[in-house]
Amino acid sequence: MAEATPLASDEKHALVRPRIKAEVRRRILVSLLGAIALAAAATGAHRWIVASRFETTNDAFVDGHVTNVGSRVAGHVLEVAVDDNARVRAGDVLVRLDPADLEARVAQARADLDVARNRMNAARAAVAALEAEGRAVATEQDRARREADRITTLFERGAASRQALDAASTLRDAAAARVVALASKADAERAALGSDAPVRQAQALLAAAELALSYTTLVAPMDGVVGRKNVEPGGFVTPGQPLLAIAADAGTWVVANFKETQIGRMQPGSKAEVRIDAYPGLVWKGHVDSIAPATGATFALLPPDNATGNFTKVVQRVPVKIVLDEVLRDGGGDAPLPAPGTLPVGLSAEVQIGVR
């Protein structure tokens, strides 16, 4: 009987241990489920608060001023003064074209202008000569008229013959006709002299030729970085052909394409936070500059026409322009902070806008 007590005690402990372990597991499971429920509730509450106070999208990109530089005249490329990704300032030479043909056109236009001016000078000289000759003929006409009057008086008195009278009358009439003819010629020359259209036309052609000659030197329209260069020395370019692109140094912004259901409470001036994929750990503070007057699909080359065929409703997106004001660190790292307006164009971004 004395040995039965330890055995009974061991059997009792063997029965109690599984219950304790089960109770511990139950309490652990309840704790885990409670923690999960609390986390889910906290996550749901956070999402609800965020959804009620903010609108977010990851359909956003950095945008900026990008200019395609092209030639305005045809010609062979003599020199390409820049390379890919080179930084340039406004007015820097980018490409030089062969100016020989256009220099010849300028020389021809200058010669044509000289010819037109010489013709005007000749017309002035002709007018002066005709006026001088007209005055001389007018003097001769006056003398012939007085002579004819004298002969007429003598003829009436019988002191002059009919032949002398006829000769005097002929000289008088001839002088009068010459006066009229010279006056007509002078008027015609004055009319030509008064219209300087030939000179103005030649001046316009010269200006056009000089302007075309200036187009053989392509310069940077703004400060920026060269990209997409597709021109080399020796090549032939045509008017309108894009040769390279320049992305402006400053002035980049973010365009976020929000769903049409998200823009109802947005307005210019609303605060925004921007995170750019290329710069983890950084956050840009900015504000809404403007909201596009139409959806992105409206500006497409072939906008959809929902009035034809079977209609399927698709949520449209509206571009929202966000100006970046400052950049802050939102994590570790000590990389230099980029300026808000100098980001590479085209980078992907995530945007959150306050709509309280």
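Just so you know, all these numbers are worked out from the coordinates, no wet-lab data involved. This structure is a prediction, so every number in the text was calculated from the model and none was measured. Here the Cβ positions follow ideal geometry from the backbone for every residue, glycine too, while neighbour counts run over all protein chains shown.
Using 0.36 nm per residue, how much length does the chain from His65 to Ala278 gain when fully extended, once their Cα-Cα distance is taken away? Please report the intermediate quantities before stating the final value.
Details: separation 213, 0.36 × 213 = 76.68 nm, distance 1.97 nm.
Taking 0.36 nm per residue and subtracting the Cα distance, the gain is 74.7 nm.
What net charge is computed for the residues neighbouring Val320, neighbours being all others with C-beta under 14 Å from the C-beta of Val320, Lys and Arg scored +1, Asp and Glu -1?
Details: positive: Lys259, Arg265, Lys271, Arg317, Lys321; negative: Glu55, Asp59, Asp63, Glu260, Glu273, Asp289, Glu350.
Once positives and negatives cancel, what remains is -2.
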Computed Kirkwood radius, in angstrom, where 1/r is averaged over Cα pairs of segment 226-356: 17.7 Å
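How much length, in nm to one decimal, is gained on full extension between Arg25 and Val93, taken as 0.36 nm per residue of separation minus their Cα-Cα distance?
On the way: separation 68, 0.36 × 68 = 24.48 nm, distance 7.84 nm.
The Arg25-Val93 span can extend by a further 16.6 nm.
Add +1 for every Lys or Arg and -1 for every Asp or Glu among the other residues with Cβ under 9 Å from the Cβ of Ala349, and state the total.
Numbers: positive: Arg275; negative: Asp277, Glu350.
So the environment of Ala349 carries a net charge of -1.
Using the Kirkwood formula over every pair of different C-alpha atoms, what hydrodynamic radius in Å results for segment 56-117?
Details: mean 1/r = 0.0625 Å⁻¹.
So the Kirkwood estimate lands at 16.0 Å.
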Sum of side-chain charges, Gln201 neighbourhood, beta-carbon under 14 Å (Lys, Arg +1; Asp, Glu -1): +1
Separation in nanometres of the label points that stand 7 Å from Cα toward Cβ, at Ala42 and Asp101: 7.4 nm
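Using a Förster distance of 51 angstrom, determine the FRET efficiency expected from the C-beta separation of Ala183 and Leu211, and round it to 0.05. All intermediate terms of the calculation are to be shown ahead of the outcome.
Details: r = 44 Å, r/R0 = 0.86.
Rounded to the nearest 0.05, the efficiency is 0.70.
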